[in-house]
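Everything on this sheet refers to the single structure shown next.
The values are calculated or read from the model by the stated rules, or taken from the named source; none is laboratory data. What you are looking at is a predicted structure, and each value in this text was computed from that prediction instead of being measured. Glycine gets a Cβ as well: all are built from the backbone with ideal geometry, and neighbour counts include every protein chain shown. All accessible areas refer to the heavy atoms of the entire protein, side chains included, with ligands and DNA or RNA removed. Shrake-Rupley method; radii C 1.70, N 1.55, O 1.52, S 1.80 Å.
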Amino acid sequence: MYKKQEQLTLIAFDGVVYSNKDHYRLESDYVGSYNLIIDRVNEDDQGEYQCQINTEPRKTKRIFLTVQVPPRIVDFRPNPPLHLIRAGSPLTLSCRAEGTPMPYIRWRIRDSDVHRVEPLPPDNSNIWFIPSITHAFPRTVECIADNGVLPASNRIFTINVEYRPIVTVNNDIIPSEQYQNVTLECRVLSRPSARISWEKNSKIIDENKISNTRVNQTMSISQLTIQMNNNDDFGQYNCIAENVHGRMEAIVIVLQELMTTTTKNHRHSKHHSTKTNSNRLFTKIRSALTTAITTTNVNGERDIHISSSSYRLWTSNILIYLLFLFQFRTIYR
């Protein structure tokens, strides 16, 4: 048997192996059939093999051996898996692979945030070029080389995009009454982490009133709790975040909410109560007056002869009741 390279190389003859490679061996069924066994096949074993029978004419059988090789990712230029880059800069990720057959390249995002949408490069592209990277770019991406021969090969890239802080607030205007406690909150996105502070009238607020909480590698929440003791506590507050790439701030305004509604309601309630009481008293007076008139009429029916003195007494009582009622209505009007 021969292996054809640039020229034929003898491997075995007449049942004897002459090759210096120890992974070649022959098997025979003793009836003129010989099989070449290649143990631990490697890439160098790929090529054309010939089996010749010394007859007249000579008979030759040609066999081409293809060795499938699992994919492996190789670097033709420096390409570190960890990239530290500033937002707005271009980025090129390279993923070149070898194997037999030729591997197929695909990219995927490994971040757990499934809501983030990031355009991937075309299929079977070993270059991913980002002309201007943003702070929302995935932190971890992966290229996978696969040619159907196990195992597939992959490479993970970690991208740290640095950017100046981004500050947001949930409520930029907060109404509050005097002597109430108010909590102001702002959220800060940054890499590297930012120093967060609060200002009022261009003066830095004591850090004892501030609570800064780190949510993850890029987000922090800052809360400022203040008591509205006087008018100077109301007004504009600035949440400021700063790192090596810049500074940004957000404004929260605390407005003083006057107690006009409460006072009005209180006055209305008092007036309503007074009016109710006056109505009740007026009802009692009117009832008493009606009773007096009725009684007089009854007495008149019982005794038609009414003396002049009784008539004057009855008339004066009526006038007193009417005068008292008029004065009472005037006071509580």
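Is the shape of segment 130-268 rounded, prolate or oblate, going by the alpha carbon gyration tensor and its root eigenvalues a ≥ b ≥ c, with a/c under 1.5 for rounded and a/b larger than b/c for prolate?
Note, shape of segment 130-268 comes out prolate.
Show Ser19, Ser112, Ser193 ordered by accessible area, largest first, where the area counts protein heavy atoms only and the probe is 1.4 Å.
Sorted descending by solvent-accessible area, the residues read Ser112, Ser193, Ser19.
Classify segment 69-161 as rounded, prolate or oblate, taking a ≥ b ≥ c as the square roots of the eigenvalues of its Cα gyration tensor: rounded when a/c is under 1.5, otherwise prolate if a/b is larger than b/c and oblate if not.
Cα axes put segment 69-161 in the prolate bin.
Pull out a ≥ b ≥ c, the square roots of the eigenvalues of the alpha-carbon gyration tensor of segment 1-113, then state rounded if a/c is under 1.5, prolate if not and a/b is larger than b/c, and oblate in the remaining case.
Here segment 1-113 falls in the prolate category.
Using r as the Cβ-Cβ distance of Glu118 and Ile173, and R0 as 45 Å, what FRET efficiency do you calculate, to the nearest 0.05?
0.80
What figure in square angstrom, to the nearest 10, would you give for the accessible area of Glu118 with a 1.4 Å probe?
50
Just read off the accessible area of Met219 with the full protein assembly in place, 1.4 Å probe, to the nearest 10 Å².
50
Any idea how far the Cα center of segment 190-214 sits from the one of segment 114-173, in Å?
31
How large is ³J(HN,Hα) for each residue in segment 98-112, as worked out from phi by the Karplus curve 6.51 cos²θ - 1.76 cosθ + 1.60 (θ = phi - 60°), to whole Hz, x for Gly and Pro?
Karplus-based 3J(HN,Hα) across segment 98-112 equals 10, x, 10, x, 4, x, 9, 9, 9, 10, 8, 9, 8, 4, 7 Hz.
Show me the ranking of peptides 38-47, 25-34, 243-252 by mean Cβ neighbours inside 10 Å, starting with the highest.
With the highest mean Cβ count within 10 Å placed first, the list reads 243-252, 38-47, 25-34.
Quick one: which residues, 5+ away or cross-chain, put their amide H under 5 Å from the amide H of Ile11? H built at 1.01 Å from N.
Tyr2, Lys3
Can you give me the solvent accessible area of Cys51 with a 1.4 Å probe, rounded to the nearest 10 Å²?
That residue has around 50 Å² of solvent-accessible surface.
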